[in-house]
1. Just need a number here: residues in the stretch 79-108 that are in a strand (DSSP E or B) and touching a helix residue (DSSP H, G or I) at 6+ places or on another chain (Cβ under 7 Å).
2. What's the number of the condition VAL79 fails, among (1) aliphatic (A, V, I, L, M); (2) open to solvent by 30 Å² or more (accessible area, probe 1.4 Å); (3) in contact with a His (Cβ under 8 Å, 6 or more places away or on another chain)?
3. Inside the stretch 114-142, can you point out the residues that are in a loop (DSSP other than H, G, I, E, B) and under 22 Å from TYR33 (Cβ atoms)?
4. Might you check whether a residue that is farther than 30 Å from SER207 by Cα and either of a type in the set (Lys, Arg) or assigned to a loop (DSSP other than H, G, I, E, B) (or both) occurs anywhere in the stretch 289-308?
5. Looking at the structure I just gave you, is ALA170 touching a residue at least 60 places away in the same chain (Cβ under 8 Å), more than 27 Å from ALA194 (Cβ to Cβ) and not in a loop (DSSP other than H, G, I, E, B)?
6. THR111: open to solvent by 30 Å² or more (accessible area, probe 1.4 Å) and not in a strand (DSSP E or B), yes or no?
7. Working carefully through the options ALA166, ALA150, find the one that is open to solvent by 20 Å² or more (accessible area, probe 1.4 Å) and at pLDDT below 90.
8. Kindly provide the set of residues from the stretch 121-145 that are touching a Pro at 6+ places or on another chain (Cβ under 9 Å) and among the aliphatic types (A, V, I, L, M), ordered by number.
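The values are calculated or read from the model by the stated rules, or taken from the named source; none is laboratory data. Predicted, not measured: the structure shown is a model, and the values here were computed from it. Neighbour counts run over all protein chains shown; Cβ positions are idealised from the backbone, glycine included. Calculation scope for accessible area: heavy atoms of the full protein, side chains included, ligands and nucleic acids excluded. Shrake-Rupley method; radii C 1.70, N 1.55, O 1.52, S 1.80 Å.
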Amino acid sequence: MINTEGMIAETAAKIYTDLCDREVPHKAEAGEYPQALWDALTENGLSLAWVSEANGGFGADYDETFGAIWASAQAASPVPFAETLIANWMLDRAGLAPADGSASFALSGHTPSADIPFGMHADKIVLFDEAHHEISLFDNRAAVRSPEEALSPDGMTQFVFSGHVAEQSAKTKLSRRAVEALILTVRAVQMAAAMETALGLSIDYVSQREQFGRPLSKFQAIQHQLATAAAECAAATMAATQAASAIARHRDDPEQAWHEAVIAKVQIGHSVEAVTVPFHQVHGAMGYTQEYDLHHYTRRLWAWRDALGNEHHWSQRLGAELAKTSPDQIWKGVTTGDWTGDQRVAS
């Protein structure tokens, strides 16, 4: 299980309990940004959890901070908490000061633009430029922001980097695989938490809703659907926990956690459809209403599944790499988490 104990995780959980009740995501989607929630997170320094103490942060344990990310996803948090954690981690690894305000991130690709999660609200954008081995900080508030179509209630915008001058940049020794490992693990933790919460909503609903004089939970077809979904949720939580543990073990070299991060993304990506379909089905018409909470989790799940590439993309990359690896090395990686000696395939 993801570690939900310790100062960072418990502080985050309390803030989300106090300031992110079920109405907050609904209001945020209607245009009312929860500034009080964001202020509480930053006033407690939680956005700096992965920033070193020498750079003004906590230098917190990775596993404890994943507990805070878990709490944010359980609350369907409509602020860029996880994105800011990642962005500040990237800046810190390049020896740059953390972002002043909220932030999101992007990885360089074939075009000079990227779709940015929380792009309408993030103050800063941090770019990992693989070609130049640089990390750069851009002011998103100075950009022309127009919403892009997105499955997630959090939305996204497109940022064109070639038209903007970075506020600061620095060379980095981080590899793209290291950055991918952290981002994929964060998304895996968020997805597993959202699945668990949506499962809880579904169980509560079928326990209370009656049909033909008895609760829906008494019908065998409903029990079968939720049992299947519960198994998928358990697999997702285990995969996310393994990936988070790998990041914690390899905090000085997160590239070594890449395989576990990819495996988690693939496993949980496959689980998304297997859980969201029964969740909506057992809710019936209620599961498709704007006023009910379920869609805040299922829509984020669909968006996070595609973030940085869906399960098919990562299956192909992982498969191509393992096809060039000896069976003994694959077995060693699966059983011990030690994937050293792998033959890497370019992205």
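1. Looking only at that region, the number is 4.
2. If we test VAL79 against (1) aliphatic (A, V, I, L, M); (2) open to solvent by 30 Å² or more (accessible area, probe 1.4 Å); (3) in contact with a His (Cβ under 8 Å, 6 or more places away or on another chain), just (2) comes out false.
3. PHE118, GLY119, MET120, HIS121, ALA122, ASP123 - these are the residues of the stretch 114-142 that are in a loop (DSSP other than H, G, I, E, B) and under 22 Å from TYR33 (Cβ atoms).
4. Restricting attention to the stretch 289-308, the residues satisfying the condition of being farther than 30 Å from SER207 by Cα are 306-308.
Subsequent filtering for residues that are either of a type in the set (Lys, Arg) or assigned to a loop (DSSP other than H, G, I, E, B) (or both) retains 307-308.
Yes, because at least one residue in the stretch 289-308 is farther than 30 Å from SER207 by Cα and either of a type in the set (Lys, Arg) or assigned to a loop (DSSP other than H, G, I, E, B) (or both).
5. Numbers: touching a residue at least 60 places away in the same chain (Cβ under 8 Å): yes; more than 27 Å from ALA194 (Cβ to Cβ): yes; not in a loop (DSSP other than H, G, I, E, B): yes.
The answer is yes for ALA170.
6. Yes; evaluated as a whole, the condition is true for this residue.
7. Residue meeting the stated conditions: ALA150.
8. Of everything in the stretch 121-145, just one residue is touching a Pro at 6+ places or on another chain (Cβ under 9 Å) and among the aliphatic types (A, V, I, L, M), namely ALA122.
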